[in-house]
Amino acid sequence: MIAGVILAAGAGRRMGGPKAVIEIEGVRLVDRAVANFKSAGIDTVFVVLGAWVGEVKGAEIIVNADWESGMASSLQSALRHITEIVEI
(Lines give C-alpha, C1' and ligand atoms only; values in the text may rest on other atoms or scores of the structure.)
Protein backbone atom coordinates (compact mmCIF):
# COMPACT_ATOMS: atom_id res chain seq x y z
CA MET A 1 0.00 0.00 0.00
CA ILE A 2 1.22 3.45 -0.87
CA ALA A 3 -0.24 6.08 1.43
CA GLY A 4 0.16 9.82 1.64
CA VAL A 5 -0.41 12.23 4.51
CA ILE A 6 -1.51 15.82 4.08
CA LEU A 7 -1.01 18.01 7.14
CA ALA A 8 -3.81 20.59 7.08
CA ALA A 9 -4.66 21.20 10.73
CA GLY A 10 -3.40 24.75 11.14
CA ALA A 11 -5.44 27.88 11.71
CA GLY A 12 -3.83 29.83 8.86
CA ARG A 13 -3.85 33.01 10.93
CA ARG A 14 -1.78 34.95 8.38
CA MET A 15 -4.22 33.88 5.65
CA GLY A 16 -7.28 34.90 7.64
CA GLY A 17 -8.43 31.33 8.29
CA PRO A 18 -7.55 27.68 7.78
CA LYS A 19 -5.72 27.28 4.46
CA ALA A 20 -7.39 23.91 3.86
CA VAL A 21 -10.69 25.60 3.01
CA ILE A 22 -9.34 28.54 1.02
CA GLU A 23 -10.62 28.28 -2.54
CA ILE A 24 -8.63 29.06 -5.65
CA GLU A 25 -10.62 28.95 -8.87
CA GLY A 26 -13.47 27.28 -6.96
CA VAL A 27 -11.38 24.42 -5.54
CA ARG A 28 -10.38 24.18 -1.87
CA LEU A 29 -6.64 23.84 -1.30
CA VAL A 30 -7.12 20.58 0.61
CA ASP A 31 -9.08 19.08 -2.29
CA ARG A 32 -6.39 20.18 -4.74
CA ALA A 33 -3.73 18.49 -2.58
CA VAL A 34 -5.72 15.23 -2.45
CA ALA A 35 -6.18 15.33 -6.24
CA ASN A 36 -2.43 15.84 -6.71
CA PHE A 37 -1.65 12.86 -4.49
CA LYS A 38 -4.17 10.68 -6.36
CA SER A 39 -2.81 11.72 -9.77
CA ALA A 40 0.68 10.77 -8.53
CA GLY A 41 -0.54 7.22 -7.91
CA ILE A 42 -1.07 7.45 -4.16
CA ASP A 43 -4.15 5.34 -3.55
CA THR A 44 -4.68 5.99 0.16
CA VAL A 45 -4.66 9.61 1.31
CA PHE A 46 -4.93 10.71 4.93
CA VAL A 47 -5.66 14.35 5.77
CA VAL A 48 -4.91 15.64 9.25
CA LEU A 49 -7.34 18.40 10.24
CA GLY A 50 -7.67 20.44 13.41
CA ALA A 51 -8.62 24.13 13.29
CA TRP A 52 -11.22 23.21 10.68
CA VAL A 53 -12.76 19.76 10.51
CA GLY A 54 -14.97 18.69 7.64
CA GLU A 55 -15.36 16.24 4.81
CA VAL A 56 -12.62 15.85 2.23
CA LYS A 57 -13.65 13.68 -0.70
CA GLY A 58 -11.20 10.92 -1.53
CA ALA A 59 -9.37 11.06 1.78
CA GLU A 60 -9.57 9.56 5.23
CA ILE A 61 -9.74 12.26 7.89
CA ILE A 62 -7.60 12.21 11.01
CA VAL A 63 -8.52 14.84 13.60
CA ASN A 64 -5.65 16.26 15.63
CA ALA A 65 -7.23 17.55 18.83
CA ASP A 66 -3.87 19.07 19.80
CA TRP A 67 -3.38 20.95 16.51
CA GLU A 68 -2.53 24.23 18.28
CA SER A 69 0.71 22.76 19.61
CA GLY A 70 2.18 22.63 16.12
CA MET A 71 2.89 20.58 13.03
CA ALA A 72 4.74 17.83 14.91
CA SER A 73 1.55 16.91 16.76
CA SER A 74 -0.24 16.50 13.41
CA LEU A 75 2.49 14.19 12.15
CA GLN A 76 2.31 12.21 15.41
CA SER A 77 -1.47 11.93 15.07
CA ALA A 78 -1.10 10.62 11.53
CA LEU A 79 1.57 8.09 12.42
CA ARG A 80 -0.37 6.88 15.45
CA HIS A 81 -3.54 6.44 13.36
CA ILE A 82 -1.80 4.69 10.48
CA THR A 83 0.08 2.25 12.72
CA GLU A 84 -3.22 1.34 14.40
CA ILE A 85 -4.91 0.39 11.13
CA VAL A 86 -2.02 -1.08 9.12
CA GLU A 87 -0.27 -4.29 9.98
CA ILE A 88 3.47 -3.65 9.86
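The values are calculated or read from the model by the stated rules, or taken from the named source; none is laboratory data. Because the structure is a prediction, the values reported are computed rather than measured. So basically every Cβ, Gly included, is an ideal-geometry build from the backbone, and we count neighbours across all protein chains shown. These area figures cover heavy atoms from the full protein model, side chains too; ligands, DNA and RNA do not enter into them. Shrake-Rupley method; radii C 1.70, N 1.55, O 1.52, S 1.80 Å.
Classify region 39-88: rounded, prolate or oblate, from the alpha-carbon gyration tensor (a ≥ b ≥ c, eigenvalue square roots; a/c under 1.5 rounded; otherwise prolate if a/b is larger than b/c)? The shape class here is oblate.
Within region 5-80, the trypsin sites (Lys or Arg not before Pro) that combine a DSSP coil assignment with at most 13 other C-beta atoms in a 10 angstrom radius are Lys57. Across Met15, Met1, the residue with the most accessible area heads the list, and the full order at a 1.4 Å probe is Met1, Met15. Taking GluC sites (Glu not before Pro) as exposed when DSSP calls them loop (any state but H, G, I, E, B) and at most 16 other Cβ atoms lie within 10 Å, what is the longest stretch of the chain free of them, the sites themselves excluded? Longest gap between qualifying sites, sites excluded: 56-86. Restricting attention to region 3-88, close to 20% of DSSP beta bridges with both partner residues there are antiparallel. The helix-only estimate of mean residue ellipticity at 222 nm for the chain, built from DSSP H runs of length n ≥ 4 each weighted as -39500 (n - 2.57), is -9500 deg cm²/dmol after division by the residue total. Using the Cα gyration tensor of the chain, with a ≥ b ≥ c the square roots of its eigenvalues, what is the shape: rounded (a/c below 1.5), prolate (a/b larger than b/c) or oblate (neither)? Verdict is oblate for the chain.
The amide H of Val5, built 1.01 Å from its N in the peptide plane, has Phe46 as neighbours under 5 Å, considering only residues 5 or more places off or on other chains. The residue list Met1, Ser39, Gly26 was ranked by how far each Cα lies along the charge dipole of the chain toward its positive end, using unit charges on Cβ atoms, and Gly26 comes out on top.
In the chain, Cα pairs under 8 Å separated by at least six residues give a relative contact order of 30 percent.
Over the chain, average the accessible area per residue using a 1.4 Å probe and give it in Å², no decimals.
64
Computed about the Cα centre, the dipole magnitude for the chain is approximately 320 debye when only Lys and Arg (+1) and Asp and Glu (-1) carry charge, each at its Cβ.
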